[in-house]
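The values are calculated or read from the model by the stated rules, or taken from the named source; none is laboratory data. Everything numeric here is computed off the predicted structure, so don't read it as measured data. In this analysis, Cβ positions are derived from the backbone assuming ideal geometry, glycine residues included, and neighbour counts consider all displayed protein chains.
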């Protein structure tokens, strides 16, 4: 009996969050059975102010109907800036997933030393299609 009560509380809480978001005028994207994360993981070579080359992987994803969002990540190119800070480099990687048919698709960006968010994770963020996502981090090289 306690398990059933816990499930009802979780469902009620989730419903309350959706109602609150809708009342505030926020879009509440629906999740469908065919929705999934579509990711790409391009290699980006950062050039530090001292001329050092540092390879990083930019795992960029968008969540939505696979038939629609797969094309949104197919041709993404992240950009970067680097600035000297003491004996280190402050890098910022930026990516934007455009909105295709529909809007409000959740997006994510993870910058790491190895593919698909493995190795050293320098930073990560989430957003919504059409908005720029930026991850700033320090590298131990000048």
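Here residue 53 meets the list (1) buried (at least 20 other Cβ atoms within 10 Å of the Cβ); (2) free of Cβ contacts under 8 Å to residues at least 12 places away in the same chain almost entirely, failing just condition (1). Mind listing whichever residues of region 90-122 are at positive phi and modelled with pLDDT of 95 or more? 119 - this is the single residue of region 90-122 that is at positive phi and modelled with pLDDT of 95 or more. Of all the criteria given as (1) modelled with pLDDT under 95; (2) in a strand (DSSP E or B); (3) out of contact with any helix residue (DSSP H, G or I) (no Cβ under 9 Å at 6 or more places or on another chain), the one not satisfied by residue 71 is (2).
Filter region 82-136 for residues that are within 29 Å of residue 68 (Cβ to Cβ), surrounded by fewer than 14 Cβ atoms within 10 Å (Cβ to Cβ) and free of Cβ contacts under 8 Å to residues at least 12 places away in the same chain and give the result. The answer is 118, and nothing else. Evaluate region 49-61: report whether one residue or more is in a helix (DSSP H, G or I) and out of contact with any strand residue (DSSP E or B) (no Cβ under 8 Å at 6 or more places or on another chain). No, because not a single residue in region 49-61 is in a helix (DSSP H, G or I) and out of contact with any strand residue (DSSP E or B) (no Cβ under 8 Å at 6 or more places or on another chain).
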